[in-house]
Amino acid sequence: MAVIDLFDDFAAALVPGRALAGLDLGEKTIGVAVSDRMLSVASPLQTIRRRKFGLDAESLLGIVRAREIGGLVLGLPRNMDGSEGPRCQSTRAFARNLTQLTDLPIGFWDERLSTVAAERALLAADTSRRRRAEVIDHVAAGVILQGALDRLAVIRRQGA
């Protein structure tokens, strides 16, 4: 399977009954969140400390296998004006490289302000500064994945 740019096309490529994983790719970490099999709720899972692509992919694909994931949603860090800068190019390159190692459909979700939303949620939960630093990346992945799941629900309603 290739990287799928249009989210509606990504939705059509998904196998029913399989969970999704959402990724927040940073320079130093990869936040990982997973959905339930009904594709309704995203749950932050863990943060992978980045090393080399091969090791990062191995960690990620281990999660994919263990949780029987049916697709990957990568947060696409667009600029506030909607344009794509170097971080988007890096995310797209990561996705292309990952297609060499898995047949899963890989799609993108606009992640603008996902970290801000995650930070606000953690502050509202009165999370300590130290704990926020530990969990922010996978909580942001949860925000990204939940946005994608909400869009999938709309697509399913329109198709029904």
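A few remarks follow.
- Scanning segment 26-43 for residues that are touching an Asp or Glu at 6+ places or on another chain (Cβ under 9 Å) and within 19 Å of Asp110 (Cβ to Cβ) gives Gly26, Ile30, Gly31, Val32, Ala33, Ala42.
- Number of residues in segment 22-47 that are surrounded by fewer than 21 Cβ atoms within 10 Å (Cβ to Cβ) and over 18 Å from Gly147 (Cβ atoms): the value is 5.
- No other residue among Leu61, Leu45, Leu72, Leu76 is in contact with a helix residue (DSSP H, G or I) (Cβ under 9 Å, 6 or more places away or on another chain), in contact (Cβ under 8 Å) with a residue 60 or more places away in the chain and of a type outside the set (Val, Ile, Thr) apart from Leu45.
- Residue match in segment 81-100 (condition: among the β-branched types (Val, Ile, Thr), surrounded by fewer than 17 Cβ atoms within 10 Å (Cβ to Cβ) and modelled with pLDDT of 95 or more): yes
- Complete set of residues in segment 28-42 that are at negative phi and touching a residue at least 40 places away in the same chain (Cβ under 8 Å): Thr29, Ile30, Gly31, Val32, Ala33, Val34, Ser35, Ser40, Val41, Ala42
The values are calculated or read from the model by the stated rules, or taken from the named source; none is laboratory data. The structure displayed is predicted, hence computed values, not measured ones. All Cβ positions, even for glycine, are placed from backbone atoms using ideal geometry, and neighbour counts span all protein chains on display.
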